[in-house]
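This report concerns only the one structure given below.
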Amino acid sequence: MASRPSKKRKLTPPQSEDEGDSRSNGKIQRSFFQNAAKWDLLEDQYSARKGKKKEKESTRLPVKRDGRVQAVAMPVEELKESDDDWLEDEGNGSGEDEEAEEQKLQEEPEIPVKEQIRNAKEELAKLASVLNEEPYENAGAFKALTKIGQSRIPAIITLSLVTRMTIYKDLIPGYQIRPIIENGPGGDKLSKEVRAIRAFEQSLVSGYQAYVKELARYAKTKKSEAGGAAIATFAITCASSLLTTHPHFNFRSDLINTLVWKLSSRRPDKDFNKALSALITLFTDDEEGRPSFEVVSTLCRMMKSKDYLVHESVINLFLHLRLLSEFSGKASNDSVDLPMESRKKHKKAFRTKRERKQLKEERALQKDMDQADANVLHEERDRMHSECLKAVFATYFRILKLRTPHLMGAVLEGLAKFSHLINQQFFGDLLEALKDLIRYSDLDENANDDPEAAAEADDDDEEPTRNTSREALLCTATAFALLAGQDAHNAKADLHLDLSFFTTHLWQTLLAISQNADLELGARSLHLPDPDAPGSLASQQRTDTRENKVNLQTTTVLLIRCLTAALLPPWNIRSTPPLRLAAFAKQLMTTSLHVPEKSAQALLALLADVGNTHGRKIAALWNTEERKGDGVFNALAQNEEGSNPFAATVWEGEILRRHYCPKVRDAVKMMEKSIMSESR
């Protein structure tokens with residue numbers, strides 16, 4: 001019986017066909033990637049070899065045909081097949097891919113600038129017409145407008161800015177758009193029209209926000225950049241137009257910051273004047289009060305950061321606030337006194353818990369309706385005016401303490417304009433600040449008389465030229481204007497104000513002012529202007545006078561204002577003491593001999609008014625037989641009461657009767673006639 005053969009054990013299982021195929025494919029793939037770096041070399045070798053390739057030898061046995069032995073030709077399909085077919089195909093494909101990539105990497109031919117501008121015009125016009133016709137169905141056009149404005153060509157940037165400004169001015173609603181609250185009440189019950197309106201409003205707000213940010217960025221474009229000046233001008237123009245036409249809309253603070261930044265420059269230009277005019281228009285047209293308060297607070301912060309080294313016209317912006325004519329309270333730099341009508345509280349009525357809850361809901365609903373309809377509440381407006389007034393007074397007071405030379409005229413005239421809105425506590429502080437300013441002006445004038453100090457002042461060219469006598473007159477005129485706006489008698493009794501300080505200083509400086517050669521020139525006049533010279537300084541001064549009427553009064557006008565307030569006070573015209581009237585009358589007659597003819601006419605007209613009111617008190621100066629005083633008249637006394645005026649006579653009238661100007665001669669006769677008629 002044959003033995004059974006022993007069974008052999010297989011150590012490894014046989015490979016399946018799938019595994020074999022995967023391994024072979026892996027090898028082919030690895031070899032493919034290894035040879036990928038040599039495609040160019042292989043392709044060149046193959047193309048060279050392909051050109052020299054001979055017909056492949058046939059491996060078939062020859063066949064005897066027609067008595068001849070002939071070789072059998074290979075079929076055409078077999079001739080095309082070769083071992084390197086995959087390499088040829090892959091190589092050709094890879095070459096095409098590389099060429100496509102190279103074409104993509106190559107820069108496309110640049111479009112001419114004129115054609116780009118023309119295309120941008122067409123696209124902007126198309127988007128504008130679409131938004132104008134069906135704005136709610138084309139809310140995505142705002143993003144397209146923003147994308148066009150991202151060009152680097154200045155002409156396209158300016159076109160985009162102006163186009164978007166016009167579009168937003170037409171599409172901005174008459175209310176402020178609020179953000180949508182997610183999962184808000186009734187969000188699932190909104191109709192299709194309301195959802196469309198909401199989507200449009202959100203697109204409008206997002207596009208408008210991006211546009212306002214672009215305006216702020218382009219407004220700061222440097223002139224050295226390509227088209228920088230034109231772009232900055234268009235940005236300021238667009239911001240000014242949007243702020244004046246839609247001050248209630250979103251992102252108002254960003255537009256205000258853009259314009260206030262432009263006003264921080266000390267060298268005015270056309271863009272500066274545009275921003276200035278826009279804020280003036282906002283002040284005059286603002287009925288709510290909140291936009292004006294935002295502008296005032298932003299201006300105050302800007303001036304404080306600049307140490308109040310700003311142009312004078314920025315300070316004069318406060319004179320265009322509507323609170324000058326609408327606000328009835330009294331304020332200072334830190335408090336506001338409202339009238340009694342505003343502080344009255346209505347008597348509380350008894351209400352149940354349900355009624356109080358219902359009233360609270362009605363008030364909240366009414367508040368939302370008022371904000372949506374942009375209604376103006378009188379209480380809110382008074383509160384905004386109060387905050388504006390406090391900020392304005394704080395700025396004025398800081399400038400007075402710093403004694404900034406080129407802003408003194410604007411600040412003092414502004415205080416005179418706001419005099420009726422100043423409460424008594426702040427009134428006393430202001431008068432003390434004005435007194436300190438006059439004292440320092442006297443010290444500065446004495447320092448200018450020192451040759452060494454004058455030489456040091458000449459070395460410093462950046463310091464503005466100061467006119468100390470004019471500053472003193474401005475302080476005196478402002479002090480009397482503040483008194484005219486207050487209840488002067490009560491203020492003097494309650495605060496114990498020394499009001500004679502300004503009168504005494506006016507007496508001491510009267511003769512010195514009369515010898516000033518520039519007495520009849522304005523604050524900015526350097527020489528007598530030629531009115532017939534076109535484009536000269538005279539025409540520029542006339543332009544400045546039309547645009548800015550603050551601090552343009554001549555020294556003569558300021559002097560007449562101060563003398564009128566001191567001799568004929570409006571709060572009590574008959575309370576002036578006789579010694580003051582006589583001393584000033586004698587001093588004014590002497591001053592009339594030194595001043596120009598127009599100033600002499602003004603002084604004599606003032607004396608005629610004094611004679612009509614107080615003729616009996618000063619008539620003794622024109623009659624030597626009625627002298628009431630003994631001794632000698634001292635025109636250089638420290639105060640008017642110590643000059644002993646009744647010991648003198650007015651002999652200057654005899655010289656003025658022979659004055660070269662006939663108007664001065666007539667003024668003397670009218671003055672003496674009024675005094676003599678009143679004394680009888």
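Filtering segment 318-325 for residues that are at pLDDT 70 or above, within 27 Å of the chain's Cα centre (by Cα) and surrounded by fewer than 13 Cβ atoms within 10 Å (Cβ to Cβ) leaves a non-empty set. Just one of the listed residues (Ala538, Ala523) is outside any helix (DSSP H, G or I) and at pLDDT below 85, and it is Ala523. The sole residue among Ser297, Ser265, Ser241 that is in contact (Cβ under 8 Å) with a residue 40 or more places away in the chain, out of contact with any Pro (no Cβ under 6 Å at 6 or more places or on another chain), under 21 Å from Phe397 (Cβ atoms) and not acidic (Asp, Glu) is Ser297. Taking the criterion of being loosely packed, with under 15 Cβ neighbours inside 10 Å and in a helix (DSSP H, G or I), the residues of segment 131-145 that qualify are Asn132, Glu133, Lys143.
Restricted to segment 377-408, and to residues there that are in a helix (DSSP H, G or I) and basic (Lys, Arg), the residue that is nearest to Arg290 (Cα to Cα) is Arg381. The single condition from (1) within 19 Å of Phe501 (Cβ to Cβ); (2) over 26 Å from the mean Cα position of the chain (by Cα); (3) of a type outside the set (Gly, Ala, Ser) that Gln425 fails is (1). For segment 573-595, the condition of being touching a residue at least 40 places away in the same chain (Cβ under 8 Å), over 23 Å from Ala517 (Cβ atoms), over 57 Å from the mean Cα position of the chain (by Cα) and buried (at least 16 other Cβ atoms within 10 Å of the Cβ) holds for none of the residues. Where helices (runs of 4 or more DSSP H) fall entirely within segment 434-519, those with at least 2 residues that are at pLDDT 60 or above, under 28 Å from Leu636 (Cα atoms) and of a type in the set (Ser, Thr, Tyr) are at 468-485, 500-514. Condition check: more than 19 Å from the chain's Cα centre (by Cα), modelled with pLDDT of 85 or more and assigned to a helix (DSSP H, G or I). Does Ala210 satisfy that? Answer is yes for this residue. Among the residues examined, Leu276 does not qualify as within 13 Å of the chain's Cα centre (by Cα) and without any contact (Cβ under 8 Å) to a residue 24 or more places away in the chain.
Working only within segment 638-673, note down all residues that are among the hydroxyl-bearing types (Ser, Thr, Tyr) and crowded, with 19+ Cβ neighbours inside 10 Å.
Residue satisfying the conditions is Ser643 alone.
The values are calculated or read from the model by the stated rules, or taken from the named source; none is laboratory data. Remember, it's a predicted structure, so these values are computed and weren't measured experimentally. As a convention, Cβ positions derive from the backbone with ideal geometry for all residues, glycine included, and neighbour counts pool all protein chains shown.
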